[in-house]
Amino acid sequence: MKRILFLLSAYLIIGSTTATAQDNYTISGYMRDSSSGEELLFAGILVKETGAGTTTNVEGFYSLTLPEGNYTLEYSYVGMQTREVVIELKQNITQDIELNTGTTLVEIKVQETKDNENITSTEMGVVTLDMKDAKLIPVLLGEQDILKTIQLLPGVSANSEGSSGFFVRGGDADQNLILLDDAPVYNASHLLGFFSVFNSDALKDVKLYKGGMPSKYGGRVSSVLDIRMKNGNMKKWEVSGGVGLISSRITAEGPLKKDKGSIIISGRRTYLDLVAKPFLSDNFSDLQLYFYDINAKANYKFGTKDRIYISGYFGRDVFGTGNLGFDWGNATATARWNHLFSDQLFLNTTFVFSDYRYGFGVDVGGNAVELSSGIQDYNLKQHYYWYPNPKNTVKFGWEATYHILQENNFAIDDVDQVTTPSHKALETGVYIGNEQKIVDKKFSAEYGVRLSSFSNIGAFEEKVYDEENQVIQTNTYNSGEFYKTYFAVEPRVNMTYVFSPQNSLKASYTRNYQFLHLLSNSTSGTPTDLWIPSTPLVKPQIVDQVALGYFQNFGNNAYEFSVETYYKQLYNQVDFEDGGSALANTEIESDLAFGKGRAYGVEFFLKKKRGKFTGWLSYTLAKSERQFDAINNGNWFSARQDRTHDISLVAMYQISKRLNISASFIYYTGDAVTYPVGKYTVDGASVNLYGERNAERMPDYHRLDLGLTYIVKDGDRFYSDLSFSIYNAYNRKNAYSITFDLDDAGNPQATRLALFGIVPSITWNFKFR
Amino acid sequence: MKHILYILGWSFLILSLSSCEDVIELELKNDDPQLVIDAHLNASSQEAQVWMSYSNSFYDNTDSETIDDAMVQLIREDGTSIIVEAKGNGYYKTENINAAVDETFKMQVTLTNGNSYEAIAKVPRPISIDSVSMIATAFGGGFGGQSDSSKQNYQLLTYWKDPVGTEDYYRLKAKKNGADLTDTYVVLDDAGANDENQIFSPFFELFEEGDSVEFSLLSLDKNTYDYFSNLADIQGQGFGATTPFNPENNWSGDILGYFGVIQVDQKSIYLPQ
């Protein structure tokens, strides 16, 4: 299979190269924002004479190889003025292009020619988020959060009320690969899930693949969220920030040397504890409830062919009182080297160190009780981009990750009481993919394959359990011994047939493997969830997905409409047996159940991109089910996130140059849950008798948020705005959980917990430039 | 290990900060009534007690139907049996059993319709509470408004010694001012014992000055431990809830309840004003 794919792609690439071999020259370079010098990712380049074109890669680099001749190139990017450049191509040319921000509607109109990227690209199931849009959408407590904004898109829904965790196309929350500048993020949440770790101020580009993931990505089965940080302003120093009710943030960026290197540092701190203190009794004088995070990134160009990036993220959550506390966080460090071998071959080499750990400590009667877990990753990868001719863009590369997973260390007064040996593993991937225009302007495809492996490495003592969860055998592996290796072949194909510049049909098939699994027995995304590796017992998760989509633009590309349908088959799913728990469990593998799943649905999306009134409407009709022999008597049951109907409506209206208003409305079918079907008494206490797993539904969820942004000042040197938002405007009591018990008088009752009622907030944003 | 769970439970209290709770009416399905046999042998008092009834619908506020005409026997390892006598209202009891540590008992229940159920349990070793200590705590007054913030709140810790070289299982129960605290199951094994093999456990409940509290430390057999830890898992609803399920038990048929053997020790504490 893989051999055939290799041969096929080699044939296609070489075949089309040789056909146009004589007198070909390459024009290549970077596209940048003229005001900041930031590279523009996935920006369009169109050859007007031939209609051929390309887009920049994740580093803002493009390369076009054309026969000798005179051409008019059109460079465009959403929200920026399109630029036309006339070139005489009789040798290889390096052409860096800077675009100006389109400030008026008239100027934006210029870019219409290349505004149907959504129709012609091979990508489907892909969501890109305009960071400018994201700033206008109302949010909880005024804290901008891209993870909450993507939840408003079709096929993506929130983990639970206020949560930054998300589900994609019926998959589980741990099946999303979240990359921040190529570094994996294991827990994307702060403060028990209410805020994401991503500080919007420091972000440049966000892209979510719900399906059709390119072969470059591996390791998770549901989706890929690829987040790119800003590089920092190359032209001049800028300081921006915001002050809100519960948090403040500040970002400084500027050139290390003009147009050669830049740096950006961004920090954020919440102070919910300080805000809450006046409302609490004196007993809580020592309450701590906050998080902070810092993003920093520096880059420097050495000559015209090399560029080095160094970036880091550090975030910590602190939650506790004098005698008890949670403490968890992520730290990542990334070093990246871009190298241009030639104007047709681009290399990106990245080393990532990532450290995610969480601890929980409490003072019990003078004894310090501590529980801690963590994951450390050392990751090295190379991504090559090869532009042999305008018809093909080849991406290939490899990566290797050394994982160290430490589970459940339990200590009293710093003396380890229970330690579970750490799991060590090596995960590798080799991939190749080609994006090919097979029939000019009509039929194009992106196809590739990824070969992955995952090896458990000793020293480790593996316990084997019988059906009664008793240890029947212990296998001892030596230090450095590879005691179990899984191999995987992951084919990925996307195809696009363009009927006209206004409409197209797309299809995709992907197979994804996942070797790390998150065990969670709670719904709240607490930091006590546990990551475990694939082992001889726990097999890698596999998901096959097929999708078909129709894309239509109208109104001069001002409106986008799409309908996509998908079917997913999930294998080797992992869950707890009834009563299994990750917390402080030293024999987790004895508590696991293995099963399969299926998810399918159809997503409708209508978006208005231009004009005073913009926004979108999305509707998803979907089903997601699981089957485990050891759960629910082996019968199929609905996944918790099986939300039959999911509607999001987002509207933004520009009243004047200074005033924007916005609103978003969400409705989805209540989560699948297990309700009591009776009750009985044991040992003097009432016990609920439960029915089939997830056979009932929580009440439907719906919520309206309102926002208003007023630009106070927009001068050359200083900008400021005030942003007001009302979360849950009509104060709907959406159930976060429902408990069934007896009240004080002994009467049975169902109690609904609603996390957030109406929450108004105000934030002041500023920028010195 | 379980006792870390109770410690964790405290922290979720903090989240009640911005939330609101209210009682709602839901339409619930009703299963047919199922047989419940709630039975234990207390090896400290040498009594066996059994309650036999049927489950009823969740919103049913009346007493559930009981069974008074079953034949209940305790069978010793040597095959001799003791009748557990019906006392009416679904309650059965017998005394002076003379159970010894590590002795295995089988309970056999036969209904008048001929259906018969069996369960086996082993007598655990007796255990005694060393001490109960009180720690003034910040929790309580601020959130939820359930306790009087003008009064000092206490966290109570119960200490005992864990026998070396055996797997032991415990449950801690409490009575506050004479009333059983039934909202929480505090169930733990000996994995959390410290260097001196001492175990301490908080009780997942706040006490305040003026309370008198009686703790019962139950030493459990493994089946009973598993059963009550499952109940504890289900109980932890809301934050950190598991998907609810019906706990497995040691009865031979597909019925509810359990049969366990326990040892009990008690200690009382008064929280001065």
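Throughout, read-outs are computed from the coordinates displayed, never taken from laboratory work. What you see is a predicted model; the values in this text were computed from it and never measured. As a convention, Cβ positions derive from the backbone with ideal geometry for all residues, glycine included, and neighbour counts pool all protein chains shown.
Quick notes on this structure:
- Sequence of B:Leu157, A:Leu66 once ranked by neighbouring C-beta atoms within 10 Å, starting from the fewest: B:Leu157, A:Leu66
- Pairs exceeding a 18 Å alpha-carbon distance, out of A:Lys257/A:Lys301; A:Lys132/A:Lys207; A:Lys391/A:Lys441; A:Lys132/A:Lys767; A:Lys48/A:Lys207; A:Lys230/A:Lys607: A:Lys48/A:Lys207; A:Lys230/A:Lys607.
- The simple spin-label model puts a point 7 Å past each Cα toward its Cβ; for A:His645 and A:Asp700 those points are separated by 0.4 nm.
- Sorted by Cβ neighbour density within 10 Å, fewest at the top, the residues B:Thr62, A:Thr50: B:Thr62, A:Thr50
- Relative protection proxy for A:242-254, A:166-178, from highest mean packing down: A:166-178, A:242-254 (other beta-carbon atoms within 10 angstrom).
- Extension gain for the segment A:Asn635 to A:Asp466, taken as residue separation times 0.36 nm less the Cα-Cα distance, is 58.6 nm to one decimal.
- Packing order of peptides A:616-626, B:35-45, highest average first: B:35-45, A:616-626 (average count of other Cβ atoms within 10 Å over each peptide's residues).
- Relative contact order, percent, chain A [alpha-carbon distance under 8 Å, six or more residues apart]: 10 percent
- Once the Cβ-Cβ distance of A:Asn731 and B:Lys151 is raised to the sixth power relative to R0 = 45 Å, the FRET efficiency obtained is 0.85.
- The angle between the Cα long axis of helix A:2-19 and the longest principal axis of the Cα atoms of chain A comes to about 20 degrees, rounded to the nearest 10.
- Peptides A:670-683, B:81-94 ranked from most to least packed give A:670-683, B:81-94, packing being the mean of other C-beta atoms within 10 angstrom over each peptide's residues.
- Number of partner chain Cβ atoms within 10 Å, mean per residue of A:565-578: 1
- Mean partner shielding of peptide A:683-695, defined as the number of other chain Cβ atoms within 10 Å of each residue Cβ, is 6.
- The mean number of Cβ atoms from other chains found within 10 Å of a Cβ in peptide A:729-740 is 3, as a whole number.
- Note on segment A:225-768: Rg/Rh from Cα positions, Kirkwood definition for Rh, rounded to two decimals, is 0.96.
- Ellipticity estimate at 222 nm from DSSP helix runs (n ≥ 4, -39,500 (n - 2.57)) divided over chain A, nearest 500: -1500 deg cm²/dmol
- Note on A:Phe351 and B:Val164: the model spin-label points, each 7 Å out from Cα along the C-beta direction, lie 5.0 nm apart.
- Alpha-carbon Rg with Dmax, taken over the protein assembly as shown, Å: 31.7, 107
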